[in-house]
Amino acid sequence: MRTTLSRFGALALAALVAGPVLAQEQTTNRVAASTDWSVFQEADPTECFAVSAPTRVENTRDGQPVEVSRGETLLFVFYRPSEGVNGQVTFTGGYPFAANSTVTLDVGGTQFQLFTEGEWAWPASPEEDATIVTALRGGSEATLTGQSGRGTVTRDTFSLLGFTSSIEEASSRCAS
């Protein structure tokens, strides 16, 4: 099972919510930013990650748009040399996903299924992580579609502008 990611999300959330300039002043672990993506580095244990917030959010129930309250919605790529993690794709939808559901990640018409637990979703294996990272490198946007435990369907679109330089930065900072 994948490592619980809530401690990492909190750090990224602080920087994204506060805004780019304020985040750099207040959050010492933000080490780089490239357009729509930011890079963070932790020292103990060594960990680096690229992260972005969606540029477009759609929430529907029974096919109709609805207003819902969600926590932060973020797409991450993690690097943890001590655990052999090299490009782990992770998504948090800001709400608990429906039990036994998956999240669909679409990059340029190529779809991937992410498994869910609580508010988190990720691919089934490191090999699938690598395949997704390759697709993200070549895409212009990624759309993640999930369903909440209350039946709301969410569709979050992320810009991939700056993705490649951000994951390269994160990877090089956590090279083992």
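Readers should treat all values here as calculations from the given coordinates under stated rules, not as data from a laboratory. Values in this document were obtained by computation on a predicted structure and should not be read as measured data. All Cβ positions, even for glycine, are placed from backbone atoms using ideal geometry, and neighbour counts span all protein chains on display.
Run the numbers for Thr164 and Thr134: contour at 0.36 nm per residue of separation, minus the present Cα-Cα distance, in nm.
9.9 nm
Each residue, Thr104 and Arg150, gets one label point 7 Å from its Cα in the Cβ direction; the gap between the two is 2.3 nm.
Rounded to the nearest 0.05, what FRET efficiency do Thr46 and Val66 give with R0 = 45 Å and r taken as the Cβ-Cβ distance? Could you check?
Values: r = 42 Å, r/R0 = 0.93.
With a Förster radius of 45 Å, E is 0.60.
Applied to the range 154-170, the Karplus parametrisation 6.51 cos²θ - 1.76 cosθ + 1.60 on θ = phi - 60° returns per-residue 3J(HN,Hα) values of 10, 9, 10, 10, 10, 6, 9, 5, x, 4, 4, 5, 5, 6, 5, 5, 4 Hz, with x for Gly and Pro.
By other beta-carbon atoms within 10 Å, ranking Val39, Val107, Val153 with the fewest at the front produces Val153, Val107, Val39. Sorting Glu127, Glu42 from the fewest to the most surrounding beta carbons within 10 angstrom yields Glu127, Glu42.
Test of understanding: ordering Leu144, Leu161 by Cβ neighbours within 10 Å, fewest first, what list do you get?
Ordered by Cβ neighbours within 10 Å, fewest first: Leu161, Leu144.
Our coupling estimate for the range 124-132, obtained by passing each phi through the Karplus curve with A = 6.51, B = -1.76, C = 1.60 and θ = phi - 60°, is 6, 8, x, 5, 5, 3, 4, 5, 5 Hz, Gly and Pro reported as x. Each residue of the range 56-63 was assigned a 3J(HN,Hα) from its phi angle through the Karplus expression (A = 6.51, B = -1.76, C = 1.60, θ = phi - 60°), giving 8, 10, 10, 10, 9, 9, 6, x Hz with x at Gly and Pro. Stretched out straight at 0.36 nm per residue, the stretch from Ser82 to Glu127 would grow longer than its current Cα-Cα span by 14.4 nm. Note on the range 6-173: semi-axes of the ellipsoid equivalent to its C-alpha gyration tensor, largest first and rounded to whole Å, are 25, 18, 15.
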